[in-house]
Amino acid sequence: MEIQEFPLWAKMEERKSLFSFTLEITARCNNDCRHCYINLPPGDQHARSRELTLEEINELADQAVELGALWVLISGGEPLLREDFPEIYLLLKRKGLFVSVFTNATLVNEEHIALFRKYPPRDIEVTVYGATAESYERVTQKPGSFAAFTKGLDLLFENGVNVRLKAVVMRSNFKELPVIAEFCRARTKDYFRFDPQLHMRFDRNEERNMLIRSERLTPEEIVALDRADGERFSSLQKECQTLIDSAVGHVGCDHLFHCALGQGECTISYDGTFRLCSSLWAPGTVYDLREGSLRHAWEEFVPKVLDMRSRRPEYQENCHNCTLIDFCLWCPAHAHLETGELDVPIEYFCRVAHARAEAIQS
């Protein structure tokens, strides 16, 4: 096989300027979702004390705009838990940024609606955990959360806010996915997606990770879900030749990262930790913005991360050269969350990828 030459991703002239960033303004959440990789209790005082202040957010936003950012996603945890959410939102809007918000919608009130009507967001993205109180609250583990969710969602729709709906599919709700899909498509006819693959906690809380593992579907169940959604499955079949591509194997290259990491976006954690994506928490890949600057992180630190390499045989012989990577949740970030190492194949991800590939080619 011909050896392919790959450019050194760390060369700044080959990288894009910062286009967008995710700002996780809190790790706290009023729900306690079984699958969540980040949530901490709403009253967690240690987490609250570590949250970026309004002044810090203002400074980081200025730095992001100077680097070229046009769009920011406000996320969490549940961002509406922050009492100063309206101030944070307006601060970012006044810098000329397009602003999106991820929320569970359970805390949406008239003050938020007035804010969104006067200063419209690019969109509000809400996850639907179930279409009934039973399934929704089985996931959130919070009695009354379904009623709060539907009330908040109705307020958003009734006031013309641009809302997108999505679903995370797990053992606690997967039998209800057709009803969830119907619930979502009836409200947002142009947009709906679901994700059946769950990953581990960034804090490596083993008790919570055991719960996440218990919620994972089998590869066969994931394929069945793909097949059951005609629009989704036909799209997979249509894109089969691009999703399964013998040219994607990175032969002759030992770089770890071959995704779009560092190509225009980053994540800023609630405590000022700079990350190249929401899942990447490995030591050596994160940067403390309270001890440095966003410009230094983007221009000096990121190239070092992108130049990380591995010659581990099991990585080189498997994930690194796999042609099914687009059907798989594997990446160095998820490998680290699973095992504590960036370059270890994950057997469960592999089984999912092969089951999906076999299904769309049959």
Diffusion constant of segment 40-151 at 20 °C, which comes from Stokes-Einstein with the Kirkwood Cα-pair radius and 1.002 mPa s, µm²/s | 139 µm²/s
Stokes-Einstein D for the chain at 25 °C, 0.890 mPa s, Kirkwood Rh over Cα pairs, in µm²/s?
-> 113 µm²/s
Within straight cross-link reach of LYS189, meaning Cα distance under 28 Å, which lysines are found once same-chain residues fewer than 8 apart are removed?
-> LYS93, LYS118, LYS151, LYS166, LYS175, LYS238
Roughly how many debye, to the nearest 20, is the charge dipole of the chain about its Cα centre, given +1 on each Lys and Arg Cβ, -1 on each Asp and Glu Cβ, and no other charges?
-> 680 debye
Which residue, THR140, THR103, THR339, tops the fluctuation ranking in a GNM of the chain built on C-alpha contacts under 10 Å?
-> THR339
For segment 318-362, just the Cα atoms, rotate onto the principal axes and tell me the three extents in Å, largest first.
-> 36, 17, 12
Which of HIS112, ALA47, SER214 sits farthest toward the positive end of the charge dipole of the chain, with +1 on the Cβ of Lys and Arg and -1 on the Cβ of Asp and Glu?
-> HIS112
What net charge do the residues around ASP226 carry, taking every other residue with its C-beta under 9 Å from that of ASP226, with Lys and Arg at +1 and Asp and Glu at -1?
-> +2
Take PHE98, PHE85 and order them by how many other Cβ atoms sit within 10 Å, fewest up front.
-> PHE98, PHE85
In whole Å and largest first, what semi-axes does the C-alpha gyration tensor of segment 18-84 yield when each eigenvalue is scaled by 5 and square-rooted?
-> 24, 14, 8
Helix-only CD estimate at 222 nm, as mean residue ellipticity for the chain, using -39500 (n - 2.57) per DSSP H run (n ≥ 4) = -10500 deg cm²/dmol
Take every Cα pair under 8 Å in the chain that's 6+ residues apart, average their separations, divide by the length, and report that relative contact order as a whole percent.
-> 19 percent
Mean-square fluctuation maximum in Gaussian network of the chain, Cα pairs under 10 Å, restricted to ARG117, ARG216, ARG48, hits ARG117
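Read the figures in this text as sums done on the coordinates, not as results from a lab. From a predicted model like this one, the values you see are computed outputs, not experimental measurements. Positions of Cβ are generated from backbone atoms using ideal geometry, with glycine treated the same way; all protein chains shown enter the neighbour counts.
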